[in-house]
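Visitor: Once you've had a glance at the structure underneath, I'll fire off some questions.
What follows is calculated from the coordinates using simple rules that are stated; it is not laboratory data. Bear in mind that the values here come from a model prediction, so they are computed numbers and not experimental data. Virtual Cβ from ideal backbone geometry, glycine too; neighbours counted across all protein chains shown.
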Amino acid sequence: MAQFADGFAWGVATAAYQIEGAATGDGRGPCVWDMFCRKPGAVYHGHNGDIACDHYRLWREDVALMRELGVRAYRFSVSWPRVLPEGVGTVNEAGLEFYDRLVDALLEAGIQPWVTLFHWDFPLSLYHRGGWLNPDSASWFADYAEIVARRLGDRVRHWMTLNEPQCFISLGLQSGHHAPGDRLRFDEVLLASHHTLVASGKATQVLRAHSPGCRVGVVPAIGPGIPKDPQSAADREAAARRTFDAAPDSLWGMGWWIDPIVFGRYPDQALETFGEKAPKATDEQMRAISEPIDFIGLNVYTGWEVSADEEGRAAASPEPQGAPKTMMDWIVDDRCLYWGPRQFWERYGKPIAITENGLAGMDWVALDGKVHDPQRIDYTRRHLRQLAQAAQEGVQVLGYLHWSFLDNFEWAFGYNRRFGLVYVDYATQRRVPKDSFHWYAETIRCNGSNL
Ligand code: IFM
């Protein structure tokens, strides 16, 4: 039977740009996604986050639904340009006030706020000053972190600095599929990644100073390597290499992102792979980057089966014909929620929180007025069973925050993918809890014994 520790943080997750709307409301400044969504062809059908789930207006109703769900934790992100419309300088009091009231309402409902400082809505005016390529970006972010921490730090116990830097750097600055839509040279991409790491470290220092007793984490997006034969040490090693090692001109290897934070240096394997393109880190920058963290938040949706070839390299298994997939075209392989946490625990020894995991579907309201999503239930159930296995074998797992609470704006896919436990009718903003909502409520209530 699946078992989770007492105090396990059963929760749900969202992000500001994906749900809040009110893009120009109450003094919020523009972010790179506001600009990107207006670029012809960039986002499915030209969708944007102007209104999204109108959560900025409907947040009380949403907190009431979370209370009904019985979650103990809610991961949301603060919108940087809502707090600082220009990214730096004058604070928008109305923006800060919004998060202040949200935190109070959550605590009142018995829900712990897990706050992400940055989930991709980079202030447009700072992008015009060079964005993450500008060495000052680390200080801009730390100053913003201080404003938020001074305001919420007395009540927030769990903070995350950056959400999935490998996505907003690789997709935003290298391939151009996400905002701001740039296609930079790889040495520039690496420099920007380096600045985000400095930013995260400086923000961690600030959070510690202004949020006494808090836990701070970073949140990579991982698609872990899965050993084809779990009994084979060679396959297990190959799978871990698939997870952590760098490939040429790619920032999807996790060692680049987490080794410098935990070990104080970029991994030799990545430095050799990137050669001259790698940034020249100063000692001061490395000291900031390696500010200790308390946990690693893993966003995990899928994984990649590999086996060791004759030289011990990771050889990818071919995709089975007709493999089960979600609407994101991601293979459903629940082993990712066992091997991902285990590999990170073994390499870094830091507690793990699953900060995102979930399924994109094409849900709709049935004739009976309900939303039936058996695949989301099955997906979540099988992944939680794997997580429970990892926890039983000694991986320290703090919680599981399902992505997502509400259907929302799925970036370049617009509203054409639904991840929520709660269906959103965007025309009316009516919320309809899906079957998975009721199943998850029961799972939380019995601490996973129904898994
Ligand atoms: O919606 C995103 C989220 O913003 C970041 N992690 C992956 C999710 C699903 O694509």
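Visitor: May I ask for the distance between the Cα centers of the range 276-297 and the range 197-234, given as a whole number of Å?
Guide: So the separation of the two Cα centres works out to 13 Å.
Visitor: At a Cα cut-off below 27 Å, give the lysines reachable from LYS202, other chains included and same-chain residues fewer than 8 away excluded.
Guide: LYS277, LYS280, LYS350
Visitor: Further question: Restricting to DSSP H runs of at least four residues, report the calculated mean residue ellipticity at 222 nm for the chain, -39500 (n - 2.57) per run over all residues, nearest 500 deg cm²/dmol.
Guide: Working: 16 runs with 172 residues, N = 451.
That calculation yields -11500 deg cm²/dmol at 222 nm.
Visitor: Once phi is turned into ³J(HN,Hα) by the Karplus curve 6.51 cos²θ - 1.76 cosθ + 1.60 with θ = phi - 60°, what whole-Hz value does each residue of the range 223-238 show in order, with x for glycine and proline?
Guide: x, x, x, 10, x, 4, 10, x, 7, 8, 4, 5, 5, 5, 5, 4
Visitor: I'd like the distance separating the alpha-carbon centroids of the range 173-190 and the range 5-81, in whole Å.
Guide: Between the Cα centres of the range 173-190 and the range 5-81 lies a distance of 24 Å.
Visitor: Between the range 312-349 and the range 89-131, what's the alpha-carbon centroid distance in Å?
Guide: So the two Cα centres are separated by 33 Å.
Visitor: Nearest-5 percent of antiparallel DSSP beta bridges in the chain? Before the final figure, lay out the partial values.
Guide: Values: 10 of 46 bridges.
Beta bridges within the chain, antiparallel portion: roughly 20 percent.
Visitor: Can you give the FRET efficiency to the nearest 0.05 for ASP283 and LYS370, using r as the Cβ-Cβ distance and R₀ = 60 Å? List each step's numbers first, then the result.
Guide: On the way: r = 59 Å, r/R0 = 0.99.
Step by step, r from the Cβ atoms, then E = 0.50.
Visitor: List the residues, sorted by chain then number, that are 5 or more residues from GLU410 or on another chain and whose placed amide H is less than 5 Å from its amide H.
Guide: Those qualifying (amide H under 5 Å, at least 5 residues apart or on another chain) are TYR415, ASN416, ARG417.
Visitor: Can you give the Kirkwood hydrodynamic radius of the range 1-125 from its Cα pairs, in Å with one decimal?
Guide: Working: mean 1/r = 0.0647 Å⁻¹.
Result for the range 1-125, one decimal place: 15.5 Å.
Visitor: Sticking with this structure for a sec: For LYS325, go through the lysines and keep the ones whose alpha-carbon is under 23 Å away, minus same-chain ones fewer than eight residues off.
Guide: List returned: LYS228, LYS434.
Visitor: Would you mind checking which residues have amide H under 5 Å from ALA353's amide H? H placed 1.01 Å from N; only 5 or more apart, or other chain.
Guide: Distant-sequence amide H within range of ALA353: ILE296, GLY297, LEU298, LEU398.
Visitor: A further question follows. What ranking do 168-180, 396-408, 330-342, 29-41 get when scored by the average of other Cβ atoms within 10 Å per residue, highest first?
Guide: Put in order of decreasing packing, that is 396-408, 330-342, 168-180, 29-41.
Visitor: In terms of modelled amide H atoms, which long-range or inter-chain residues lie less than 5 Å from the amide H of ARG75?
Guide: VAL12, ALA13, THR14, TRP114
Visitor: Related question: Could you list the trypsin sites (Lys or Arg not before Pro) in the range 155-189 that lie in coil according to DSSP, counting only those with at most 13 other Cβ atoms within 10 Å of their Cβ? The partial results should precede the final answer.
Guide: Values: sites: ARG155, ARG157, ARG183, ARG185; in loops: ARG155, ARG157, ARG183, ARG185.
In loop regions of the range 155-189 (DSSP not H, G, I, E or B), the sparsely surrounded trypsin sites (Lys or Arg not before Pro) are ARG183, ARG185.
Visitor: I want the local charge near ASP235. Using Cβ-Cβ distances under 14 Å, sum +1 for each Lys or Arg and -1 for each Asp or Glu among the other residues.
Guide: +1
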